[in-house]
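In what follows, a single structure is set out as structure tokens and then discussed.
The values are calculated or read from the model by the stated rules, or taken from the named source; none is laboratory data. This one's a predicted model, so the numbers in the text were calculated from it and none came from an experiment. FYI the Cβ positions are ideal-geometry reconstructions off the backbone, even for glycines, and counts take in every protein chain you see. Side chains are part of the model used for accessible areas, which takes the heavy atoms of the whole protein and leaves out ligands, DNA and RNA. Shrake-Rupley method; radii C 1.70, N 1.55, O 1.52, S 1.80 Å.
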Amino acid sequence: MTIPTYKKPIRCLLLVLGMLGGLSATAQRTVAQKPATSPERTASATNSYSTDKQVLTKGQQLFQSNCSACHNFLQKGIGPNLSEVTSEVSPDWIRKFIRNAPDVIKRGDARAVRLFDEYKQAMPAFTTLSDGDVQAIMSYIRVNQKQKASAAADARLGAALLDPIPARIASSGLRLSLEEVITAPATAEKAPVARINKMLVLPGSPDRLFLEDLRGTLYEIVNDKLRVYMEMAKERPDFIHTPGHATGFGSYAFHPDFYKNGLFYTTHTEKANTAPADFAYPDSIKVALQWVLTEWKITDPTSATFAGSGRELMRVNMVSPIHGVQEITFNPLAKPGGQDYGLLYIGVGDGGATENGYPFICNTKGRIWSSVLRIDPQGRNSKNGRYGIPASNPYAEDNDPATLGEVFCRGFRNPNRITWTPDGKMLISDIGHANAEELNLGMAGADYGWPEREGLFLMNYRGKMDKVYALPEHDASLQYVYPVALYDHDEGNAFSGGFVYTGSEIPLLKGKYIFGDIVNGRVFYVDSDQLQLGKQAPIEELQIAVGDSLTTFRTLTGAQKADLRFGVGLNNVFYLYTKSDGKIYRVRNCQRQ
């Protein structure tokens, strides 16, 4: 049959259909104020779910293209695990929720409210979906239903930690004063309006400042205005930026000798099977999309707009759209002639392999996933002959076929930001699963534990991954390297990597690594001189103000998911910006409250 093309995205269509635990205090108050609807199963189920092969194929296409970034049928992820939803609620409830989730939440439905309270966001109303679309999605979910998992497998691990980090993040007593300087051009009608992501200074005479939108545009910031430098879709027709959650124009880096050699590097996503992958897994496992690393030769490095040709360095298959190749960078402290000079670091996530039931893909030194790689783009001794593997890499010359020479360190779920402190420490932020968000010191050959560990805790990736446990007595013998700063999901949901402030204009921020939480938009810091292996640097919160008014990024954006990012501009000016509305703020000063 011919599968129809669906032009309206249904991203996160089923964000809050799964079942979680009891109501929080906030949810209880909401439900008490409004009458709750009943989601019990009804006899209408027989007529609501189809077993027709064509309907199921249509439902699978809709689900994989638009929903799998948030959901699967094995684990809780960005959105709930959907493996039991059709046996726990009625088809009518699911149908109404797909049609207009905000209305169901507003009416005080108990299930909807508690899930909104957990995930802090809800999908928009999809009133334009046809009845056939909705039935196809529901039917595909129905055929993937599973029995409730037994708790026996988890029992041997001891009691789950209900609150992994009981201590709360303290207020620092410091207030950042922000001024809005730019609003990025909207690249979508709904949030995130502008998926502005990585800010980067290109050193030169003069220095230049760049910012990319994951939907495919690289801007140069000139006099507080955004000027288009490059558009990925024009250079790579197979480029895709859907379904979101970091897919698209992932990252970019200028070679340290850019003004001499004109070399520039990018990562981006393309559809599954666009071309043979350099890094693949058994063909019995689906490929959701491919990440591509490209080297570009710029015709005129001083030009205000991009012109040049590109060559592909590597192509990587991913099990799902999440946790891709979201960071590439050169060590800015490396000097010409030094061991690290001109070597490209590449953060590769697990691609959702663990929570989709394929942990063996990322739980090894012999595969690329869940690793930070280090390559020499000018070398040619890789398997595909397009880049080099530095001899100084930990597994490059160990003569062990079970290790991968490109790997610098491994054991990350989503190593989405890499930076360096002024005194030379490499920092790798890793977005966690359901309990912990972490900052790590990058060490050659180190194993940071994923998927055996999340933060400082044991995780049973073969069972329910939303639980963590105390470390076993023999943990030291396993030689995992643990985070140097950590917070749990009482404080936020996704680590937004930042930078150490090195400017001289704001003395109170000097030497502080400033970062935050992507979802709730809280802003934190740790003192960089306290980042030491074997210790946990205390995290403190910074208040923010625009003008004379204290505020939050949820208030500023009007969104539950602020989508907060951090950047350093010209003259070490510090920026904070939000993808939900595309607004960019400059830090003017910092004062004690």
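General observations
- The stretch 434-473: number of residues that are of a type outside the set (S, T, N, Q) and closer than 30 Å to residue 420 by Cβ: 25
- Of all residues in the stretch 264-275, none satisfies being open to solvent by 40 Å² or more (accessible area, probe 1.4 Å) and over 27 Å from the mean Cα position of the chain (by Cα).
- Some residue of the stretch 439-457 being in contact with a helix residue (DSSP H, G or I) (Cβ under 7 Å, 6 or more places away or on another chain), surrounded by 21 or more Cβ atoms within 10 Å (Cβ to Cβ) and within 19 Å of residue 360 (Cβ to Cβ): yes
- Qualifying position, being open to solvent by 10 Å² or more (accessible area, probe 1.4 Å) and more than 17 Å from the chain's Cα centre (by Cα), among 377, 332: 332
- Residue in the stretch 542-557 that is out of contact with any helix residue (DSSP H, G or I) (no Cβ under 9 Å at 6 or more places or on another chain), open to solvent by less than 50 Å² (accessible area, probe 1.4 Å) and among the charged types (D, E, K, R) present: no
- Scanning the stretch 500-528 for residues that are open to solvent by less than 50 Å² (accessible area, probe 1.4 Å) and closer than 18 Å to residue 418 by Cβ returns 500, 501, 513, 514, 515, 516, 518, 526, 528.
- Pairing each residue of the stretch 412-430 that is part of a strand (DSSP E or B) with any residue that is aromatic (Phe, Trp, Tyr) and at pLDDT 95 or above, provided the two are 6+ apart or on different chains, yields C-beta distances under 6 Å for 418/345; 419/499; 426/420; 429/495; 430/412.
- Condition check for residue 561: within 20 Å of the chain's Cα centre (by Cα) and not hydroxyl-bearing (Ser, Thr, Tyr): yes
- Scanning the stretch 511-541 for residues being in a loop (DSSP other than H, G, I, E, B) and closer than 24 Å to residue 432 by Cα gives a total of 14.
- Residues that are open to solvent by 30 Å² or more (accessible area, probe 1.4 Å) and part of a loop (DSSP other than H, G, I, E, B) within the stretch 170-192 comprise 185, 186, 187, 188, 189, 190, 191, listed in sequence order.
- Hey, residue 80 over 29 Å from the mean Cα position of the chain (by Cα), under 30 Å from residue 468 (Cβ atoms) and either at pLDDT 80 or above or surrounded by 18 or more Cβ atoms within 10 Å (Cβ to Cβ) (or both) or not: no
- Residues in the stretch 193-210 that are in a strand (DSSP E or B) and out of contact with any Ser or Thr (no Cβ under 9 Å at 6 or more places or on another chain) were compared, and the one that is most open to solvent (accessible area, probe 1.4 Å) is 201.
- If only residues of the stretch 235-249 that are touching a helix residue (DSSP H, G or I) at 6+ places or on another chain (Cβ under 7 Å) and in a strand (DSSP E or B) are counted, the one that is surrounded by the fewest Cβ atoms within 10 Å (Cβ to Cβ) is 239.
- Enumeration of residues in the stretch 542-593 that are of a type in the set (Lys, Arg), more than 17 Å from residue 210 (Cβ to Cβ) and not in a strand (DSSP E or B): 554, 561
- Checklist (1) modelled with pLDDT of 95 or more; (2) basic (Lys, Arg); (3) more than 28 Å from residue 552 (Cα to Cα) applied to residue 195, failing item: (3)
- Residues that are in contact with a Leu (Cβ under 7 Å, 6 or more places away or on another chain), modelled with pLDDT under 95 and on the phi > 0 side of the Ramachandran plot do not occur anywhere in the stretch 337-356.
- Meets criteria (part of a loop (DSSP other than H, G, I, E, B) and under 30 Å from residue 510 (Cβ atoms)) for residue 340: yes
- Residue check for residue 460: open to solvent by less than 20 Å² (accessible area, probe 1.4 Å) and modelled with pLDDT under 95: yes
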